[in-house]
Amino acid sequence: MYERMLDKKKEPTIDEMNAYCGECAEQFRSLNTWLSEEHGTEQKIVFPYGNSYGWGISHRKKKKLICNVFAEDNAFTVMLRLSDQQYAAVCGQLQEYARHYIDNRYPCGDGGWIHYRVAGEEHVKDIRTLLEVKCPGGPEPAAQKPVA
């Protein structure tokens, strides 16, 4: 259960990753679309951290990593890093499930990494809340052309 796409030699398409998420396919598609359209992130299919992580979609704004979303069998995991202050700002708004990930985060400087498994619709609101802290606001405004 929750196996990842680990065959490094075969890069999946976004559609294949979506299908792999099975029962959570709609949430996987919706979250990736929301990040790109509402927050202006650039998506890229990646195999970033070795064989235990597998294939995922990285979301970046300019060069800043916002998160990685790893496709899993009937779920997906969002990996992101926030500061202790950012976690504290939203912790009271989150379900116990999300607070468990925060309490057990992998420390890194002032904050740490979480690997938040989305295994159903009830987890989507919390991961969006966390991502809003990481990636506030919408897409970057398009450059204005000078008026002649």
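Just so it is clear, none of the values below were taken in a lab; they were calculated from the coordinates. Predicted model only: the values in this text are computed from it and were never measured. In this analysis, Cβ positions are derived from the backbone assuming ideal geometry, glycine residues included, and neighbour counts consider all displayed protein chains.
The ranking of Thr77, Thr13, Thr129 from fewest to most other beta carbons within 10 Å of each one's beta carbon is Thr13, Thr129, Thr77. Toward the positive end of the charge dipole of the chain, with +1 on the Cβ of Lys and Arg and -1 on the Cβ of Asp and Glu, the farthest Cα among Asn104, Ile114, Ser58 is that of Ser58. Dipole size of the range 14-134 about its Cα centre, with +1 on Lys/Arg Cβ and -1 on Asp/Glu Cβ: approximately 660 debye, rounded to the nearest 20. Each Cα pair under 8 Å and six or more residues apart adds its separation to the average, and for the range 1-122 the resulting relative contact order is 26 percent. Counting lysine pairs in the chain that sit 8 or more residues apart in sequence, or on different chains, and whose Cα atoms lie under 16 Å apart gives 11. The helix-only estimate of mean residue ellipticity at 222 nm for the chain, built from DSSP H runs of length n ≥ 4 each weighted as -39500 (n - 2.57), is -9500 deg cm²/dmol after division by the residue total. Calculated from the structure at hand, Cα extents along the principal axes in Å is found among (1) 50, 40, 30; (2) 60, 38, 28; (3) 36, 30, 24 as (2).
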